[in-house]
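The block underneath contains the structure these notes are about, expressed in structure tokens.
We did not get these values from a lab; they are worked out from the coordinates using the rules stated. Just so it is clear, the model here is predicted, and its values are computed rather than measured. In this analysis, Cβ positions are derived from the backbone assuming ideal geometry, glycine residues included, and neighbour counts consider all displayed protein chains.
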Amino acid sequence: MALATSNIYGRITISDDAVAMVAAYAASECYGVAELISNRFSDIIADLFHRSKYGKGVRVTTSDNRVFLSVYVTLNRDINADAVKESLKRAVTYQVESFTGMRVKSVDVNIVGYKV
């Protein structure tokens, strides 16, 4: 499903993949995040063939023009996980809201593991 809105300039539609790309970029730039983890089968297949899948590690759900995000990450070792989670939530929310112009209802950060 995609985000859709209309204003004086016309109708705007943003795909979930585009939102996932923005969220993945914002998450990968956060301090303490080692990498984003694939959560879909298509991401795993893309990794096998060495093709980069943009939006890897991010699941986007839209409902009534509200965005719900789930981010799957591994963190660097010896990092305060709670601080990184809060920073990640704020960064992803800000970037997605700036990109889409719509409200992000929630960002769920799922820590899959730690990287040495």
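Here, P(r) means the percent of Cα pairs in each 10 Å bin from 0 to the largest distance; for the chain it is 14, 44, 30, 10, 2, 0. For segment 3-115, averaging the sequence separation of C-alpha pairs within contact (under 8 Å, six or more residues apart) and dividing by the residue count gives a relative contact order of 30 percent. What lysines could a cross-link reach from Lys56, if we take a straight Cα to Cα line under 20 Å and drop same-chain neighbours fewer than 8 places away? By straight Cα distance, Lys56 reaches Lys85, Lys89, Lys115.
Return the calculated 222 nm mean residue ellipticity for the chain, to the nearest 500 deg cm²/dmol, obtained by summing -39500 (n - 2.57) across DSSP H runs with n ≥ 4 and dividing by the residue count. Working shown, then result.
Numbers: 3 runs with 41 residues, N = 116.
Calculated mean residue ellipticity at 222 nm is -11500 deg cm²/dmol.
Here r is the Cβ-Cβ distance between Ser70 and Tyr114 and R0 is 22 Å; the resulting FRET efficiency, rounded to 0.05, is 0.70.
Converting phi to 3J(HN,Hα) with the Karplus coefficients 6.51, -1.76 and 1.60 and the offset θ = phi - 60°, segment 69-78 yields 10, 10, 10, 10, 9, 10, 10, 5, 6, 6 Hz in sequence order, with x at every glycine or proline.
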